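J.: Supplied in structure tokens, the structure appears directly below.
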Amino acid sequence: MVDAENILKTLPGSSAASLQKGLVDTILKSKNAQSLPADVAKRLLSLYHDDQLGSQEGLVTLLQASVLIEQEKTAEMLQELGLTEAAAKVRSGQ
């Protein structure tokens, strides 16, 4: 499993908003959403309800969820944002 917290520590703070949008889009457009574990889905909903998706915890949960259901699409999205190192970690499962 990808160490989402470790990946996020290496990202510039200025990328948080675009990262959040990209991860939400990846999750919502996924045809594999049914394979998202219920506890992760509930956590996402709770963070959304509390307007915390952009927080460190929110981004960690979004990244974990996105990788669980769309690992390659998540890596592609990170690459498009110029987050090459993060994309490589997601691809390799680090």
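Computed from the coordinates by the stated procedures, all read-outs in this text should not be read as laboratory data. If you're wondering where the values come from, they're calculated on a predicted model, not measured in any experiment. FYI the Cβ positions are ideal-geometry reconstructions off the backbone, even for glycines, and counts take in every protein chain you see.
J.: Ordered by residue, what ³J(HN,Hα) values in Hz, to whole numbers, does region 5-18 give under the Karplus form 6.51 cos²θ - 1.76 cosθ + 1.60, where θ = phi - 60° and Gly and Pro are x?
T.: Taking θ as phi minus 60°, the curve returns 4, 5, 4, 5, 5, 8, 8, x, x, 5, 8, 4, 5, 5 Hz for region 5-18.
J.: Given the peptides 60-68, 48-56, arrange them by the average over their residues of other C-beta atoms within 10 Å, most packed first.
T.: Result, highest mean first: 60-68, 48-56.
J.: For region 71-83, take each phi angle, set θ = phi - 60°, evaluate the Karplus expression 6.51 cos²θ - 1.76 cosθ + 1.60, and give the result in whole Hz per residue in order, putting x for glycine and proline.
T.: Listing the rounded values in order: 4, 5, 5, 5, 4, 4, 5, 4, 4, 4, 7, x, 9 Hz.
J.: Take the alpha carbon gyration tensor of the chain, find the square roots of its eigenvalues, order them as a ≥ b ≥ c, and report rounded if a/c is under 1.5; if not, report prolate when a/b exceeds b/c, else oblate.
T.: Cα axes put the chain in the oblate bin.
J.: Sorted by average packing, counted as other Cβ atoms within 10 angstrom per residue and highest first, what order do 19-31, 1-13 take?
T.: 19-31, 1-13
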